[in-house]
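**Student:** Following this message is one structure expressed as structure tokens.
Laboratory data are not the source of any read-out in this text; all were calculated from the coordinates shown. Bear in mind that the values here come from a model prediction, so they are computed numbers and not experimental data. Using ideal geometry, Cβ is built from the backbone for each residue, glycine included, and neighbour counts are taken over all protein chains shown.
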Amino acid sequence: MAELAALEDPKARAVNERHGDDHGVNLGKLRALAKRLKTQQELAYRLWETDDTAARLLAILICRPKAFGRDELDGMLRQARAPKVHDWLVSYVVKKSPHAEDLRLAWSADPDPVVASAGWALTTERVAKKPEGLDLAGLLDVIEAEMKDAPDRLQWAMNHCLAQIGITHPAHRARAIAIGERLEVLKDYPTAPGCTSPFAPVWISEIVRRQEG
């Protein structure tokens with residue numbers, strides 16, 4: 001914890017806090033620290049219990065994803081207040097867990113929109129890598145009905161799923177683009193030069209263009 005405190009940078013904190021993350025540690029330096037520590041499950045538990053955002057990010061980087069039980073992961077996700085902790089927990093731990101599919105189904109139906117967004121993130125992973133058994137048309141039905149009025153974090157996750165369906169599955173591409181055009185979610189999102197807009201019709205078209213090129 002002393003070492004993490006020494007890495008605190010006011011400029012990094014100002015940038016992170018604009019995204020809802022209450023820590024000031026440069027993520028490159030955090031990853032370097034994790035690389036030095038290597039995998040340490042017991043230390044990861046202790047770091048997580050501090051409730052400190054930088055410590056929890058470090059815990060995620062040094063933990064053993066398959067060591068956590070299903071209920072442990074569910075509890076950790078509900079404790080993950082900072083967006084970066086939430087995203088890393090899903091991406092680096094839950095996706096590698098044998099409980100990922102069970103949690104995907106449970107979280108997708110959760111009344112808490114932040115928890116539900118984790119379910120959608122896991123669904124997006126399946127859309128891209130293991131779509132067998134998924135009802136893609138049904139997912140598009142839900143997105144069409146609910147994405148427009150969903151809270152920000154949930155809306156972002158649903159939009160990512162919409163784009164992934166359009167990118168990965170040509171049979172559903174036209175409908176995915178049409179849904180995006182009709183709902184106009186993130187149409188005016190500020191996008192830096194050289195970056196791809198998160199507006200689904202633009203996102204889908206750009207990635208498909210690159211893949212075909």
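**Student:** Among the listed pairs Lys35/Lys66; Lys95/Lys148; Lys66/Lys130; Lys29/Lys130, give every one whose C-alpha distance is greater than 23 Å.
**Tutor:** Values: Lys35/Lys66 19 Å; Lys95/Lys148 27 Å; Lys66/Lys130 19 Å; Lys29/Lys130 34 Å.
In this structure, Lys95/Lys148; Lys29/Lys130 exceed 23 Å between Cα atoms.
**Student:** His19 to Lys187: extension gain in nm, 0.36 nm per residue of separation minus the Cα-Cα distance?
**Tutor:** Between His19 and Lys187, full extension yields an extra 58.5 nm.
**Student:** Now for a different question. Return the inverse of the average 1/r over all pairs of distinct C-alpha atoms in the chain, which is the Kirkwood hydrodynamic radius, in Å to one decimal.
**Tutor:** By the Kirkwood definition, the hydrodynamic radius is 18.4 Å.
**Student:** Separate question: For the range 8-127, max minus min Cα coordinate along each principal axis, in Å, sorted largest first?
**Tutor:** Each principal axis gives a Cα extent; for the range 8-127 these are 39, 31, 26 Å.
**Student:** Hey, another quick one. Measure nothing but the geometry: give the 0 to 90° angle between the long axis through the Cα atoms of 136-146 and the longest principal axis through the Cα atoms of the chain, rounded to 10°.
**Tutor:** The answer is roughly 80 degrees.
**Student:** Let me ask another. What FRET efficiency comes out for the pair Arg173/Ser197, r = Cβ-Cβ distance, R0 = 22 Å, nearest 0.05?
**Tutor:** 0.85
**Student:** How big is the range 100-170 by the Kirkwood estimate over distinct Cα pairs, in Å?
**Tutor:** 11.8 Å
**Student:** Still on this model: In deg cm²/dmol and to the nearest 500, what is the mean residue ellipticity at 222 nm of the chain if only DSSP H runs of at least 4 residues count, each as -39500 (n - 2.57), divided by the residue total?
**Tutor:** When only DSSP H runs of four or more count, the value is -19500 deg cm²/dmol.
**Student:** Next up: Given springs between every Cα pair under 10 Å in a Gaussian network model of the chain, which of Thr123, Thr191, Thr39 has the largest fluctuation?
**Tutor:** Top of the fluctuation ranking is Thr191.
**Student:** Suppose each label sits 7 Å from its Cα in the direction of the beta carbon; what would the Asp51-Tyr92 distance come out to in nanometres?
**Tutor:** 2.2 nm
**Student:** Here is a follow-up. Taking the Cβ-Cβ separation of Glu206 and Ala5 as r and a Förster radius of 41 Å, what is the calculated FRET efficiency to the nearest 0.05?
**Tutor:** 0.50
**Student:** In debye to the nearest 20, how big a dipole does the chain give about its Cα centre with +1 on each Lys and Arg Cβ and -1 on each Asp and Glu Cβ?
**Tutor:** 920 debye
**Student:** Kindly state, to the nearest 0.05, the FRET efficiency for Ala109 paired with Asp135, given R0 = 22 Å and r defined as their beta-carbon distance.
**Tutor:** 0.95
**Student:** Taking a cut-off of 16 Å, what percent of all Cα-Cα pairs in the range 1-71 are separated by more than that?
**Tutor:** Pairs farther apart than 16 Å: 48 percent.
**Student:** Continuing with this model, one more query. Can you give the angle from 0 to 90° between the axis of helix 27-37 and the longest principal axis of the chain, with both taken from C-alpha atoms, to the nearest 10?
**Tutor:** 60 degrees
**Student:** Hey, what did the chain get for relative contact order, percent, Cα under 8 Å, at least 6 apart?
**Tutor:** RCO, the chain: 11 percent.
**Student:** What residues qualify as long-range amide H neighbours of Val25, i.e. H under 5 Å apart, gap of 5 or more or another chain, H built at 1.01 Å from N?
**Tutor:** When sequence neighbours closer than 5 places are left aside, the close amide H contacts are Asp9.
**Student:** With θ taken as phi - 60° and the coefficients 6.51, -1.76 and 1.60, list the Karplus ³J(HN,Hα) couplings across the range 200-208 in order, rounded to whole Hz; mark glycine and proline as x.
**Tutor:** Working through the residues one at a time gives 3, x, 6, 4, 4, 4, 5, 5, 4 Hz.
**Student:** Shifting gears a bit: Tally Lys/Arg at +1 and Asp/Glu at -1 over every other residue whose Cβ is under 15 Å from the Cβ of Gly133; what's the total?
**Tutor:** Working: positive: Arg104, Arg126, Lys129, Lys130; negative: Glu101, Asp102, Glu125, Glu132, Asp135.
Summing Lys/Arg as +1 and Asp/Glu as -1 gives -1.
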